[in-house]
């Protein structure tokens, strides 16, 4: 793990406050830029990797993002949090780079929610009075099972995330990988709350189905 670039002894200002941090950044305070880099470099690279083919290109996108932040901080108006402004810059750059690298598609084509079922229709009964009910409902994971799955499950989920449609991929990455709130995701991606909720539900359903298939539970059987 790379060492932290932020040394609190350099400056005692409360950079956890957006107002203080923005002023320090606008004043070209090196401690403020170090604080921002230390806090967001890793999650920026991780999210950028959802749009481009490899980590090297993701890191290039993030470098472009930092340059854009330096150039644009004087024009930051505070209409959003600094965090979502920063990530919005990166997402726009990563989308463009992803199109160039044939990893993603323009966001304009993702704006309409995909017309697809959240769960494989074959998992439901189709006829009679029980139509629409589960053939075999998903079983909740017990805590011991969750702990036992560990790295194997993480690898499966990561592989499945990479196969999701772009809009679902970015929403589930922000929500479940980076731990963002729904409000932050909507702000960063300019999504309506309803759209964000549907995209997240569909993504999570696919991830759950991938785990069930791997562990022999459900699927289309």
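The values are calculated or read from the model by the stated rules, or taken from the named source; none is laboratory data. What you see is a predicted model; the values in this text were computed from it and never measured. With ideal geometry, Cβ positions are generated from the backbone for all residues, glycine too; neighbour counts draw on all protein chains shown.
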*So which residues in the range 13-27 are assigned to a loop (DSSP other than H, G, I, E, B) and within 11 Å of residue 73 (Cα to Cα), if there are any at all?*
27
*Regarding residue 95, is this residue surrounded by fewer than 19 Cβ atoms within 10 Å (Cβ to Cβ) and outside the structural domain of residue 189 (by TED's automatic domain parsing)?*
no
*Is it the case that residue 150 is under 23 Å from the mean Cα position of the chain (by Cα), exposed (fewer than 12 other Cβ atoms within 10 Å of the Cβ) and modelled with pLDDT of 50 or more?*
yes
*Could you pull out the residue among 204, 213 that is at pLDDT 85 or above, surrounded by fewer than 19 Cβ atoms within 10 Å (Cβ to Cβ) and assigned to a helix (DSSP H, G or I)?*
204
